[in-house]
Amino acid sequence: MLSERQEGELGARLKEFEGRAAAVAGVGKDPVNAPMIRHWCEAMGDTCPAYTGPGAIAPPTMLQAWTMAGLAGQAGPPGRTEAFGELLALLDAAGCTSVVATDCEQEYARPLRPGDVVTFDTVIESVSDRKTTRLGTGYFVTTRTDVRVGTELAGTHRFRILKYAPTAGKSRENTPKHRRPRPVVNRDNAGFWEGVARGRLLIQRCTGCGTLRHPWLPGCNACGCLEWDTVEAGGGGTVFSYVVMHHPPFPAFDPPYAVALVELAEGVRMVGNVVGVPYDKVRIGMPVEAEFRRYGTDAGDEGDGDGPFVLPVFRAREGS
């Protein structure tokens, strides 16, 4: 626990890092290329025609992908300076030894196309005052990466982490066995979780082309339209794929248990636990029905300690 004087001194030292370069004249490990675009679109289920064929562009949200060092890049991206490491070491020394990514923001100035070679510079844009969160007390650190092709700005990527000292007594060992983590709700998916809280499965529908989509997204993968409304799913579906979780153990769950990718009757797919049958009886093609379970209502069915919440699960239909 830092004294008020020590906290003030640490805050002043952290502020000195603002504006310092974290990476200078970095170069993307690969040019923008069609195979990476294809793999990205397949993984995201993004069928926008702008990303294929002659004149194709890269999905704008791939902006950071072209600057990443890859799985073997343990030392960090090309062009990295010592500043960011020094900042993290200072926070470690102050007891802020844990880190979690909190959010990112991207701005797009021009599309990237196959063959473009990106360069980038990263700056430590801001370090917050000391903040107290549910995870613990620490500092939010924001970096800004400007991505260019030649001298032309292609986009800006801001990435924010929380470097914190874990709250005493919140370790995994001290977590109640049945405590469920609360779903992450943001401005893009808030409507879905509001529907779940009322016992409704709401699916986004593009008002431009009528395509249904899940999970919720700001725009349509099929036509790029930003306007949408919702339709309510009936809840029926079949198991498209599934996995039985054995390891690693997590206090919120009692392995083994089945997690399925369910194809709803409306055609979209949704992930959820399969209940009503033993885990080893789950099969591809099994008919299921959505139901809604409330957590955080009593000691035997605990949530995350911040009030009750509802999660959708899928119950195997009788006779399946």
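Quick look at the values:
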| item | result |
| --- | --- |
| Gap separating the Cα centres of segment 12-71 and segment 204-275, nearest whole Å | 26 |
| Whole-number D in µm² s⁻¹ for segment 4-166, Kirkwood Cα-pair radius fed into Stokes-Einstein, 20 °C, 1.002 mPa s | 125 |
| Under 14 Å from the residue 158 label point (7 Å along Cα→beta-carbon), backbone N, segment 102-142 | 102-108, 123-128, 140-142 |
| Residues listed by number, segment 123-158, amide nitrogen under 15 Å from residue 109 label point at 7 Å toward C-beta | 123, 144-158 |
| Per-residue ³J(HN,Hα) for segment 266-282, Karplus 6.51 cos²θ - 1.76 cosθ + 1.60, θ = phi - 60°, Hz, x for Gly and Pro | 6, x, 8, 10, 9, 8, x, 6, 9, 10, x, 9, x, 4, 7, 9, 5 |
| Rounded accessible area per residue of segment 190-316, 1.4 Å, Å² | 50 |
| Surface/4 estimate of mean projected area, convex hull on alpha-carbon atoms of the chain, nm² | 19.5 |
| Per-residue [θ]222 nm for the chain (sum of -39500 (n - 2.57) over DSSP H runs n ≥ 4, rounded to 500) | -4000 deg cm²/dmol |
| For the chain: lysine pairs under 27 Å (alpha-carbon distance), excluding those fewer than 8 apart on one chain | 6 |
| Fluctuation leader among 25, 43, 58 - the chain, Gaussian network, Cα springs under 10 angstrom | 43 |
| Principal axis dimensions, largest first and in whole angstrom, of segment 190-316 by Cα | 45, 35, 25 |
| Carbon and sulfur %, accessible surface of the chain computed with the full protein complex present, 1.4 Å | 54 |
| Residues with amide H under 5 Å from that of residue 17, placed H, sequence gap 5 or more | none |
| Residue among 247, 214, 39 with the largest mean-square fluctuation in a Gaussian network model of the chain, springs linking Cα atoms under 10 Å | 247 |
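The values are calculated or read from the model by the stated rules, or taken from the named source; none is laboratory data. Bear in mind the structure is a predicted one, so any value in this text is a computation, not a measurement. Reconstructed Cβ throughout: ideal geometry from the backbone, glycine too, with neighbour counts over all protein chains shown. To get the accessible areas, we keep the full protein, side chains included, count just its heavy atoms, and leave off ligands, DNA and RNA. Shrake-Rupley method; radii C 1.70, N 1.55, O 1.52, S 1.80 Å.
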